[in-house]
Amino acid sequence: MRSTTSIGLSAFLLSAVSAAKSTSSSSSFQIYGYGTGIGGAQLFSSGGSTYFGDYQLANDTEAAPVVFTPSGSVWLGSPNTTVFDGSDVPDWSNYTFSVPSAGSSSHDVNFLSSSNETGNVLTTGFTFYGTFIFVTGTDGNMESLWYALPTDTDGIYKLQWNTTGDDSDDKVLLTLKKTPPSSSK
């Protein structure tokens, strides 16, 4: 009797864990960062570097909150055009999301246009565990090595990957989610 119960419970737990991991969602989504002093700030970009905070404080006409769309094995980012009137829409779209690969000296999380060099970056392996965002490493393990650095503009943080080798004192460890904070507009 115990072995049947144990097998049934194990099968239930395995199916629950498998259901929580969603790797092939085709729906568009946005990313929010959670960490000390960053309570669900929205990811934005100008089509290159990635940031958390209010994009309007960036003083950049190309800055916009990002809408992600999974496309095959990559995540493409485009400006959320619903926050602009028709004449102010940024020019960039469908840029590939990337993190530095293992061994890279860079920590910058970026968007790459189709003309960018993709050496020393990972453009695949992004996945969800529930609403949490991870990168599946070359060893098959899910990693969450996200962190942010404050910029010169108060309330804007630059998204980074893998603190190893980054001696900055003001790092903020992050959790990335596709769930906005309950007070988000």
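Things to note:
- Taking amide hydrogens as placed 1.01 Å from N in the peptide plane, the amide H of THR179 sits under 5 Å from those of TYR32, each at least 5 positions away in sequence or on another chain.
- Rounded tilt (10° steps) of 2-20 against the dominant C-alpha axis of the chain: 10
- Nitroxide proxy distance, nm - points 7 Å out along Cα→Cβ at SER104 and THR36: 2.6
- Estimated from helical segments only, the mean residue ellipticity of the chain at 222 nm is -3500 deg cm²/dmol, where each DSSP H run of four or more residues counts as -39500 (n - 2.57).
- Paramagnetic reach from THR164 (point 7 Å along Cα→Cβ, amide N under 19 Å) across region 33-52: none
- Potential extension, THR138-ASP60 segment - 0.36 nm per residue separation minus Cα distance: 24.5 nm
- Entry for semi-axes √(5λ) of the Cα gyration tensor in Å (calculated from the structure that is shown) out of (1) 34, 17, 16; (2) 31, 19, 18; (3) 54, 23, 14: (2)
- Amide N of region 103-117 lying under 18 Å from the label point, which is placed 7 angstrom from the Cα of SER49 along Cα→Cβ: 105-113
Readers should treat all values here as calculations from the given coordinates under stated rules, not as data from a laboratory. Here the structure is a predicted model, which means the values were calculated and not measured. With ideal geometry, Cβ positions are generated from the backbone for all residues, glycine too; neighbour counts draw on all protein chains shown.
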